[in-house]
1. Which one of SER15, SER65 is out of contact with any strand residue (DSSP E or B) (no Cβ under 8 Å at 6 or more places or on another chain) and among the small types (Gly, Ala, Ser)?
2. Please specify each residue of the range 82-98 satisfying the condition of being touching a residue at least 60 places away in the same chain (Cβ under 8 Å) and part of a helix (DSSP H, G or I).
Amino acid sequence: MEVNVSLKQGQIWWSQPPELPEPQPILVIQSDAFNRSLMETAVCITLSPDWKLAPAPGNVLIAQSDSGLPHPCVANVAQILTIDRRFLTEYVGTVPNFILESVLDGVQLVVGRS
């Protein structure tokens, strides 16, 4: 199957990998240089509707108006995943730059770089 998904860092997509029972929103954190490559995967983080995750170090609360999703969500920076682009089913929107920067700061916290 040919991968024909054009990605940009900061985009939100619905994903449906075969191992998940229902679609899940993800945020693309992979750099645009890699997004333009022939790689068939993308580095992302999960977006959760569970507000209890918001206080965790590095996590970012994203308002419905900033995500395009039907509800507010939490960018769970500790759940970094590599997903096959074929499983990105629907583009939702792109987060504002200040949110993307906060998420990337949270990812740096998780991976231990300063």
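Please treat every number below as a calculation from the coordinates, not as lab data. These numbers come from a predicted model, not from an experiment. Here the Cβ positions follow ideal geometry from the backbone for every residue, glycine too, while neighbour counts run over all protein chains shown.
1. Values: SER15 fails: out of contact with any strand residue (DSSP E or B) (no Cβ under 8 Å at 6 or more places or on another chain).
So the residue among SER15, SER65 that is out of contact with any strand residue (DSSP E or B) (no Cβ under 8 Å at 6 or more places or on another chain) and among the small types (Gly, Ala, Ser) is SER65.
2. ARG85, ARG86, PHE87, ASN97
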